[in-house]
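Enquirer: Structure below; questions to follow.
The values are calculated or read from the model by the stated rules, or taken from the named source; none is laboratory data. None of these values were measured; they are calculated from a predicted model. With ideal geometry, Cβ positions are generated from the backbone for all residues, glycine too; neighbour counts draw on all protein chains shown. When the accessible area is computed, the model is the full protein with side chains, heavy atoms only, and any ligands, DNA or RNA have been set aside. Shrake-Rupley method; radii C 1.70, N 1.55, O 1.52, S 1.80 Å.
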Amino acid sequence: MNTENKQIILTADRPTGRLHLGHYVGSLKRRVELQNSGKFDQINIMIADDQALTDNADNPGKIRENIINVVLDYLSVGIDPALTTICVQSALPALHALTFYYLNLVTTARLSRNPTVKAEIQMRGFADEGLPAGFFTYPVSQAADITAFDATVVPVGEDQLPMLEQAREIVEKFNRIYGPTLVLPEAMIPENETQRRLPGVDGKAKMSKSLGNCIYLSDTPKTVKQQVNGKMFTDPQHLRIEDPGHIEGNVVFTYLDALSTKEHFERYLPEYADLEEMKDHYRRGGLGDGKCKKFLIQVLDEILDPIRTERAKWEKDIDSVYDILAEGTAKAREVTNATLARVEKAMRIDYFADRSVVKEWEELLKKTNL
Ligand code: TRP
């Protein structure tokens with residue numbers, strides 16, 4: 001067991017699309033900060049391709065394509081393979097074995113109550129079409145992910161809290177039945193409201209590929225400009241520049257809340273000391289949406305430019321990206337195999353770890369044959 005009180009992080013993403021600004025604000029930025037803080041003994045990022053297959057079984061090509069997209073997004077935002085282990089879930093067979101054992105520790109009634117899975121079942125239409133058993137049980141597989149790495153800290157969005165709760169229940173039940181074996185993980189959720197959920201450019205609650213309301217980390221300056229100028233929701237009552245405007249629900253300001261700094265104001269909009277001053281002017285009237293959008297585009301490009309440059313560099317060297325994934329996955333395989341060995345030992349199903357069971361069986365037979 002993780003007896004040395006090591007601080008171990010596991011985070012993961014389903015590779016179903018390129019990562020967007022919502023991922024950046026809600027999780028990637030913080031992962032890079034955690035990585036660079038030097039406070040953790042081990043940091044793992046897993047590309048959860050198996051979990052992605054639980055609702056994409058008919059489209060493995062989509063997952064295969066997006067593994068490279070997601071790993072390029074990681075590398076371009078500053079995830080450093082020297083500090084963070086990047087690995088691929090499907091190549092970690094210990095996770096599959098752990099899932100199979102943990103499934104016995106969870107009731108179908110408990111799984112049915114998981115609010116995130118419930119909502120996802122509705123969203124995906126599984127209530128009518130039929131619910132894949134693998135999808136229904138993915139919280140158990142996620143508990144396997146977390147425990148296999150002995151993760152103590154799991155940085156996730158709020159929607160993942162039910163997964164963490166379920167993982168903790170599995171850990172407690174396992175340890176109760178088989179003795180102290182698994183590490184109890186803690187969730188780490190985004191600190192403030194703006195990080196929690198960046199809306200789509202159209203103001204819908206979430207950025208989603210199918211709604212076309214995303215700004216991707218790999219978008220060109222031209223696309224970003226189009227998304228902001230062409231689609232970004234502001235204040236429908238703010239018709240003329242002189243009209244007083246509303247900040248609440250105004251996506252331009254939601255994005256500025258999440259992304260803009262004092263330095264951005266100094267560089268691009270020095271007539272305001274900070275965002276509060278800009279908001280005051282907007283509320284009073286006299287500040288046009290065009291000017292606000294122009295500033296937001298400058299802020300976005302300042303953030304995205306270095307990411308684009310890094311991505312372009314890595315895109316020219318996919319061989320190295322492959323090596324990073326292969327090495328990270330090999331390392332993760334060792335870690336997760338060690339946990340599986342510990343689990344099999346605790347469950348007393350470690351028959352082939354050594355030959356000690358031969359003696360045990362011989363003695364048993366001697367006794368019963370007396
Ligand atoms: N379910 C997570 C998501 O959709 C992805 C994930 C899979 C995960 N395994 C994990 C997150 C383990 C944290 C830890 O975002």
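Enquirer: Under the rule a/c < 1.5 gives rounded, and otherwise a/b versus b/c splits prolate from oblate, where does segment 1-49 land using the Cα gyration tensor?
Expert: Cα axes put segment 1-49 in the oblate bin.
Enquirer: Now for a different question. With a/c under 1.5 counting as rounded, go ahead and sort the chain into rounded, prolate or oblate using the C-alpha gyration tensor (a ≥ b ≥ c being the square roots of the eigenvalues; past the cut-off, prolate if a/b is larger than b/c, else oblate).
Expert: Numbers: a/c = 2.50, a/b = 2.14, b/c = 1.17.
Note, shape of the chain comes out prolate.
Enquirer: How much of the DSSP bridge set in the chain is antiparallel, in percent, rounded to the nearest 5?
Expert: Taking every DSSP beta bridge within the chain, about 5 percent pair in antiparallel fashion.
Enquirer: Now for a different question. Provide the FRET efficiency to the nearest 0.05 for the LYS204-LEU239 pair, computing r from the beta carbons and using R0 = 22 Å.
Expert: 0.45
Enquirer: Also: Please tell me the relative contact order of the chain in percent, rounded to the nearest whole number, where contacts are Cα pairs under 8 Å and at least six residues apart.
Expert: 21
Enquirer: Sticking with the crude label model, points 7 Å out along Cα→Cβ, report the distance from GLU158 to GLU363 in nm, one decimal please.
Expert: 5.7
Enquirer: Let me know the number of lysine pairs in segment 221-313 closer than 24 Å at the Cα, not counting same-chain pairs under 8 apart.
Expert: Lysine pairs, 8 or more places apart or on different chains, close enough: 22.
Enquirer: In Å², what does the accessible area per residue of the chain work out to with a 1.4 Å probe?
Expert: Per residue, the chain has 51 Å² of solvent-accessible surface.
Enquirer: Which whole-number percent is the relative contact order of segment 221-313 (Cα, under 8 Å, 6+ apart)?
Expert: The value is 34 percent.
Enquirer: Would you mind computing, in nm to one decimal, how far apart the modelled labels at LYS118 and TYR178 are, each placed 7 Å from Cα along Cα→Cβ?
Expert: Simple spin-label model gives 3.0 nm for this pair.
Enquirer: Could I ask something else about it? Could you compute how much accessible surface GLU242 exposes when probed at 1.4 Å, giving the result in Å² to the nearest 10?
Expert: 120
Enquirer: With r defined as the distance between the Cβ atoms of GLU271 and LEU211 and R0 fixed at 35 Å, what FRET efficiency is calculated, to the nearest 0.05? Can you show the working numbers first?
Expert: Values: r = 35 Å, r/R0 = 0.99.
So the FRET efficiency works out to roughly 0.50.
Enquirer: If you don't mind, there's one more thing I want to ask. Order these peptides, 267-274, 350-357, by their mean beta-carbon neighbour count within 10 angstrom, highest first.
Expert: By packing density, highest mean first, the sequence is 267-274, 350-357.
Enquirer: Rounded to a whole number, what % of the accessible area of the chain do carbon and sulfur atoms account for, probe 1.4 Å?
Expert: Looking at the chain in its full context, I get 53 percent from C and S.
Enquirer: Let me ask something else. I'd like the distance between the alpha-carbon centres of segment 176-235 and segment 285-358, rounded to an integer number of Å.
Expert: 17
Enquirer: Still on this structure: How do 175-183, 144-152 rank on mean C-beta neighbours within 10 Å, highest first?
Expert: 144-152, 175-183
Enquirer: In nm, to one decimal, how far is the modelled label at ASP280 from the one at THR220, with both set 7 Å along Cα→Cβ?
Expert: Spacing of the two 7 Å Cα→Cβ label points: 4.2 nm.
Enquirer: Apply the a/c threshold of 1.5 to the C-alpha gyration tensor of segment 227-370 and tell me whether it is rounded, prolate or oblate.
Expert: Details: a/c = 5.31, a/b = 2.95, b/c = 1.80.
The shape class here is prolate.
Enquirer: Would you calculate, for the chain, the mean residue ellipticity at 222 nm contributed by helices, counting each DSSP H stretch of 4 or more residues as -39,500 (n - 2.57) and dividing by all residues, to the nearest 500?
Expert: Mean residue ellipticity at 222 nm (helix-derived): -16000 deg cm²/dmol.
Enquirer: So if R0 is 41 Å, what FRET efficiency would ASP350 and THR194 give, r being the distance between their Cβ atoms, rounded to the nearest 0.05?
Expert: Approximately 0.25, to the nearest 0.05.
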